[in-house]
Amino acid sequence: ENATIYDEPVETTTTVVQLAQIDPDTKCQEWLPLAVEMGWPNRTEVLQTLGRVMWKETRCTAQIVSRTGDHGLTQVNAKAHRSWAEEIFGIPFEEAMSDPAKNLRFAFLLWNAREEAGKCGWQPWSISC
């Protein structure tokens with residue numbers, strides 16, 4: 001039977017992630033829910049550091065390119081990471097890194113790969129662990 005405009009809408013539910021407790025002065029808080037959605041651990045110290053990274057790199061501006069070819073919120077370096085990012089997303093680096101979700105996802109993958117290898121995940125952003 002064909003649907004009509006009188007059919008009842010299907011109810012959907014969404015889950016809102018409760019962020020870990022973070023300092024109210026943490027910068028770039030508006031991006032932290034998306035960061036968690038993109039894989040970043042929902043842990044206070046990680047999210048506060050990520051906020052610092054985004055503030056230091058871009059002042060929370062999503063679509064920005066530096067003179068040195070760093071892109072997006074987390075300023076992913078094109079020279080170092082172009083081929084890996086293009087392999088992951090299947091689109092040109094510049095397009096992927098200008099999308100805040102993809103930029104945060106790639107930054108997480110970079111951070112996480114280093115952490116899993118027993119290295120400092122924050123090193124690409126010149127932050128010591």
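The values are calculated or read from the model by the stated rules, or taken from the named source; none is laboratory data. In this text, all values refer to a predicted model and were calculated from it rather than measured experimentally. Note: ideal-geometry Cβ built from the backbone for every residue, glycine included; neighbour counts use all protein chains shown.
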Of 85, 35, 96, the only residue that is in contact with a strand residue (DSSP E or B) (Cβ under 8 Å, 6 or more places away or on another chain) and modelled with pLDDT of 95 or more is 85
Check region 63-76 and report whether any residue there is surrounded by 20 or more Cβ atoms within 10 Å (Cβ to Cβ), touching a Leu at 6+ places or on another chain (Cβ under 6 Å) and at pLDDT 95 or above.
no
Residue in region 21-62 that is farthest from residue 121 (Cα to Cα), counting only those that are β-branched (Val, Ile, Thr) and surrounded by 20 or more Cβ atoms within 10 Å (Cβ to Cβ):
58
Test for residue 87: is it more than 25 Å from residue 59 (Cβ to Cβ) and assigned to a helix (DSSP H, G or I):
yes
Considering only region 95-113, state which residues are surrounded by fewer than 16 Cβ atoms within 10 Å (Cβ to Cβ) and either touching a His at 6+ places or on another chain (Cβ under 8 Å) or more than 15 Å from residue 38 (Cβ to Cβ) (or both).
95
Of the numbered conditions (1) closer than 17 Å to residue 100 by Cβ; (2) touching a Phe, Trp or Tyr at 6+ places or on another chain (Cβ under 6 Å), residue 32 fails exactly one; give the number of that condition.
(2)
Quick check on my filter: what residues within region 33-59 are of a type in the set (A, V, I, L, M, F, W, C) and part of a helix (DSSP H, G or I)?
34, 35, 36, 46, 47, 50, 53, 54, 55
Mind checking which residues of region 114-129 are crowded, with 17+ Cβ neighbours inside 10 Å and either over 21 Å from residue 61 (Cβ atoms) or aliphatic (A, V, I, L, M) (or both)?
121
